[in-house]
Amino acid sequence: MSPGLDPANISFSSPPPTHDREQWAHALVDMGFTGWEMVCDGRQGPDELDIKEIAAILDTTDLTLTVHLPFSDLNLASLNEPIWSETLHQMTEWIQLVAPYTKLAVVHPGHLSPLGMQIPDLAWQRNIQGLQQLCDHAARFDMTIGVENMVKMDFILGKYAEEMLGMIESVDRDNLGMTFDVGHANTNNAVPSFLDKCLGATVHVHLHDNVGRRDEHLPLGEGSVDWATVTGKCAKLDVRYVLESRTFEAAQQSLDYLRAL
């Protein structure tokens, strides 16, 4: 394993399994993972999830849980009041549900809607207000929010190092830091600037690869990310590293790659 990454802090990212959850979790442990990032988006919502079953898995495997708050069709920068309120409702509902089992939740910043494109300063302020509300809610449970830098995409907030630092400074909450997504940064040709400027604000790291054009989520080593530099510069961080792999096979390939660095 690279000296930059503590093998005791490597997680796998996935939505909650719909069946054979215990077997699935033990497979993670057998592969060498010590944590699971539960993606709270898509197939099931908090009303459908048996959180007691998830808790039992955590007890029997000693996996460390982090969560990725929902993002599909949601927008923290929305200037449409009902959409913005629903975004906060869904995110805070998840925070409250998982609070007994985790201390960190990842969130995407907002994006500019057609209206937001016309008045981007107001959309930016809306995004800041939304993050403040999430942080204040999470603080009730001693939880940290990690706002994630985003992929190369028109009208989305949070693509560059200076922008992310400005966002965190504007929110001005002790329980807010950055989730450094290496693959996202690579699509913006921004990995070096994030490594140079943002590690002091980083509370969480996402690992996946691409060739710099789009968000491919390739196994580590199959894209253009300089992983030796990334892991070397991240050596001082006491954070959890999450492999965002699409399959178990890709996750195993990425783990083997890290061990060989």
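The values are calculated or read from the model by the stated rules, or taken from the named source; none is laboratory data. Just so we're clear, the structure is a prediction, and the values are computed from it rather than from any experiment. Neighbour counts are summed over all protein chains in view; Cβ atoms, including those assigned to glycine, are modelled from backbone coordinates with ideal geometry. The area values use the complete protein model at the heavy-atom level, side chains included, leaving out ligands, DNA and RNA. Shrake-Rupley method; radii C 1.70, N 1.55, O 1.52, S 1.80 Å.
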Selection within the stretch 120-152 - among the basic types (Lys, Arg) and closer than 16 Å to GLU93 by Cα: ARG140
statement: Those residues of the stretch 246-258 which are touching a residue at least 60 places away in the same chain (Cβ under 8 Å) and open to solvent by less than 20 Å² (accessible area, probe 1.4 Å) amount to ALA251, LEU255, LEU258
query: Residue check, GLU163 against (1) in a helix (DSSP H, G or I); (2) under 16 Å from the mean Cα position of the chain (by Cα); (3) of a type in the set (Asp, Glu), all met but one. Which one?
result: (2)
- prompt: If you go through the stretch 215-227 one residue at a time, do you hit one that is surrounded by 19 or more Cβ atoms within 10 Å (Cβ to Cβ), assigned to a helix (DSSP H, G or I) and touching a residue at least 24 places away in the same chain (Cβ under 8 Å)?
  reply: yes
message: Residues to consider are PRO100, PRO82, PRO17, PRO70; find the one that is out of contact with any strand residue (DSSP E or B) (no Cβ under 6 Å at 6 or more places or on another chain), within 21 Å of VAL203 (Cβ to Cβ) and free of Cβ contacts under 8 Å to residues at least 40 places away in the same chain.
response: PRO70
query: Among the candidates THR247, THR229, which residue alone is farther than 21 Å from MET178 by Cα and among the hydroxyl-bearing types (Ser, Thr, Tyr)?
result: THR247
statement: For ALA185, the lone unmet condition from (1) open to solvent by 10 Å² or more (accessible area, probe 1.4 Å); (2) under 27 Å from GLY116 (Cβ atoms); (3) under 17 Å from the mean Cα position of the chain (by Cα) is (1)
- prompt: If you go through the stretch 91-105, how many residues are of a type outside the set (Phe, Trp, Tyr), open to solvent by less than 60 Å² (accessible area, probe 1.4 Å) and within 17 Å of the chain's Cα centre (by Cα)?
  reply: 8
Residue in the stretch 14-26 that is open to solvent by 20 Å² or more (accessible area, probe 1.4 Å), touching a Gly at 6+ places or on another chain (Cβ under 8 Å) and within 25 Å of MET153 (Cβ to Cβ) present: yes
- prompt: Which condition number in (1) at pLDDT 95 or above; (2) farther than 30 Å from ALA260 by Cα; (3) crowded, with 19+ Cβ neighbours inside 10 Å is the one that VAL67 fails?
  reply: (2)
field: Residues within the stretch 138-160 that are assigned to a helix (DSSP H, G or I) and open to solvent by 30 Å² or more (accessible area, probe 1.4 Å), tallied
entry: 1
